[in-house]
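Chemist: One structure, pasted below without further comment.
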Amino acid sequence: MAGIGFEIRRILRRESFLNLLEAYGLAGIISSGPWVLSVLGVMLIGIISINLTEPDILIIQFLVSVTYLMASSLVLSGIFQHVFTRWVADRLYSKQNGLILPNLMGLIWVTTVLALLIGGAVAGLWLRDTGLLYQLLMIANFVVLCNLWLVTIFLSSMKSYRRIVILFALGYATAVVASTQLAPWGLEGLLGGILLGHSLLFFSFFYTIIRQYPGDNFIAFDFLQRSQIYPSLIFTGLLFNAAVWADKFIFWFHPDTSQQVIASLRASVIYDLPIFLAYLSIIPGMAVFLVRMEADFAEAYDRFYTAVREGDTLERINRFRDEMVLIARNGIYEIFKVQGLTVIVLFLWGPEILAAIGISPLYLPLFQIDLVAVAIQLLLLAIQNVLFYLDARGINVTLCALFFVSNIVFTLITIGLGASFYGYGFAGAALISALTGLFLLSRKFDRLEYETFMLQGR
């Protein structure tokens, strides 16, 4: 999809240090800005509401409820994220832009129905001891979030980058203001406020999409046609999101590591905070990831396959192939360097950081291994991104399945070994998946010419 890479390349062509900073700053804002704003928004609601709502347990129940909403909605929307992204990209390539909006409406309809059915069933089983209004608000938030993650597919193709960040800021500012104003109504008031913020964000993005992609019809379901979808992408999206959250769910529901918070919803005090802080550390690596993968590698990839399609000389095709491989390897290495440096700095400043935010130094070992784990996960993302460009869908499914299964197995093993081993299961699963991905990617590059020219009929 036409995306941020074009804008980054335009900035980098000016070849100055300030332009380099501008490119990485833009990449950091687009890759992590919306996510950071959402995290800060939810945290602000909790912090501000502590002074407005009694007892404090309501704030904990709110934060846990939102965490479950985020996790479950990401897993469910993962079914459609990759497959619909590919479908949209194919339509853009074939100049069928008029089909995009009607099919997005169809996707929203399918997602809404599915989210309502699943959300209603889960609420009836897990939340039956809570009030009806709480259950309805949880279902409504779940539906809106599932659809919100799907419309964000279009963020990279819509080049209004400042508008995107502004919309995220306005959405979560609305959520903060509304939640704090409704805090006297307790947990339901806080959930109602965040529902307003997410709804505003969803409809703002949807309006932007309508302006970008005017449709020929109101609703269509072409994306569900078997000839136009790739089941492997469905499994990739589902398994990857499930893998990312697998260790968290195990810690939430294992009796030795969790506590009941509200109804059947549980939380892990010992595990949740360090892993949350560790994920904030990937912002520098995400900026490098976006610049190197969506700018440098995408440009090299386009040169190689353009040369193949247009029947260029074998010498030039081989040269473009070597350049593409070199840029991919250098990009992954640069992500490793930047994120590795970030991890080292946070290792050194870890005690001061935990002390500054009032967290016990006993959390330091878990925080450190989580820093390593999320850094490795970022490398896995970079590897998978290259494999997506190369249309290696089978390899990506294999990596996601390996990540999912190993995360479950290793996490259960480390819980049995004791608290000093917490976090090593997630780190080990990410490491095995990343190393396997590097091996399979290297083999893919070695066979690239053969697969490009000899396997086109398969």
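The values are calculated or read from the model by the stated rules, or taken from the named source; none is laboratory data. No experiment lies behind these values; they were computed from the predicted model shown. All Cβ positions, even for glycine, are placed from backbone atoms using ideal geometry, and neighbour counts span all protein chains on display.
Chemist: Among L362, L371, L417, which is the only one that is within 16 Å of D247 (Cβ to Cβ) and surrounded by fewer than 18 Cβ atoms within 10 Å (Cβ to Cβ)?
Modeler: L417
Residues checked against (1) assigned to a helix (DSSP H, G or I); (2) more than 22 Å from the chain's Cα centre (by Cα):
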{"residue": "T180", "(1), (2)": "yes, yes"}
{"residue": "L191", "(1), (2)": "yes, yes"}
{"residue": "L200", "(1), (2)": "yes, no"}
{"residue": "Y207", "(1), (2)": "yes, yes"}
{"residue": "W245", "(1), (2)": "yes, no"}
{"residue": "K248", "(1), (2)": "yes, no"}
{"residue": "P255", "(1), (2)": "no, yes"}
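Chemist: Something else: Quick check on region 439-452. Is at least one of its residues surrounded by fewer than 21 Cβ atoms within 10 Å (Cβ to Cβ) and not in a helix (DSSP H, G or I)?
Modeler: yes
Chemist: Every residue in region 325-367 that is within 25 Å of S442 (Cβ to Cβ) and either small (G, A, S) or not in a helix (DSSP H, G or I) (or both), please.
Modeler: Across region 325-367, the qualifying residues are A328, G331, G340.
So that you can scan it fast, the table gives a plain yes or no per residue for (1) assigned by TED's automatic domain parsing to the domain that holds I57; (2) buried (at least 17 other Cβ atoms within 10 Å of the Cβ); (3) in contact with an Asp or Glu (Cβ under 8 Å, 6 or more places away or on another chain):
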{"site": "S281", "(1), (2), (3)": "no, yes, no"}
{"site": "F289", "(1), (2), (3)": "no, yes, no"}
{"site": "A298", "(1), (2), (3)": "no, yes, no"}
{"site": "D302", "(1), (2), (3)": "no, no, no"}
{"site": "E310", "(1), (2), (3)": "no, no, no"}
{"site": "R316", "(1), (2), (3)": "no, no, no"}
{"site": "R319", "(1), (2), (3)": "no, no, no"}
{"site": "M324", "(1), (2), (3)": "no, yes, no"}
{"site": "I327", "(1), (2), (3)": "no, yes, yes"}
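Chemist: Would you mind stating whether Y450 is within 19 Å of the chain's Cα centre (by Cα) and modelled with pLDDT under 90?
Modeler: Here the answer is no, as Y450 does not meet what is asked.
Chemist: Among (1) outside any helix (DSSP H, G or I); (2) closer than 28 Å to P255 by Cβ, which single condition is N407 missing?
Modeler: Exception for N407: condition (1).
Yes or no, residue by residue, for (1) small (G, A, S); (2) outside the structural domain of R321 (by TED's automatic domain parsing); (3) farther than 18 Å from I275 by Cα:
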{"site": "A401", "(1), (2), (3)": "yes, no, yes"}
{"site": "F404", "(1), (2), (3)": "no, no, no"}
{"site": "T411", "(1), (2), (3)": "no, no, no"}
{"site": "L448", "(1), (2), (3)": "no, no, yes"}
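Chemist: Quick check on my filter: what residues within region 415-438 are over 24 Å from the mean Cα position of the chain (by Cα) and among the aromatic types (F, W, Y)? Lay out the reasoning, then the answer.
Modeler: First, pick out the residues of region 415-438 that are over 24 Å from the mean Cα position of the chain (by Cα): 415-421.
The answer is F421, and nothing else.
Chemist: State all residues of region 161-199 that are modelled with pLDDT of 85 or more and polar (S, T, N, Q); if no residue qualifies, say none.
Modeler: Selection gives T174, Q181, S199.
Chemist: Within region 200-233, take every residue that is aliphatic (A, V, I, L, M) and closer than 29 Å to D272 by Cβ and give me the one that is modelled with the highest pLDDT.
Modeler: Once the filter is applied, the top-ranked residue is L200.
Chemist: Restrict the check to region 229-236 and report whether at least one residue is within 21 Å of F426 (Cβ to Cβ), touching a Phe, Trp or Tyr at 6+ places or on another chain (Cβ under 7 Å) and not assigned by TED's automatic domain parsing to the domain that holds G350.
Modeler: Within region 229-236 (the criterion being within 21 Å of F426 (Cβ to Cβ), touching a Phe, Trp or Tyr at 6+ places or on another chain (Cβ under 7 Å) and not assigned by TED's automatic domain parsing to the domain that holds G350), the answer is no, since none of the residues qualifies.
Chemist: Here are L362, L366, L354, L371: which of them is at pLDDT below 90 and in contact with a helix residue (DSSP H, G or I) (Cβ under 7 Å, 6 or more places away or on another chain)?
Modeler: Just one listed residue meets the conditions, L354.
Chemist: Still on this model: Tally the residues that are of a type outside the set (D, E, K, R) and either in a helix (DSSP H, G or I) or under 20 Å from F168 (Cβ atoms) (or both), restricting the search to region 209-225.
Modeler: Initially, region 209-225 is screened for residues of a type outside the set (D, E, K, R), giving 209-210, 212-215, 217-221, 223-225.
This time we only want the ones that are either in a helix (DSSP H, G or I) or under 20 Å from F168 (Cβ atoms) (or both), so: 209-210, 212, 223-224.
Final tally of qualifying residues: 5.
Chemist: Select from region 106-132 the residues that are more than 18 Å from I79 (Cβ to Cβ) and surrounded by 18 or more Cβ atoms within 10 Å (Cβ to Cβ) and write down the one among them that is nearest to the chain's Cα centre (by Cα).
Modeler: That would be A123.
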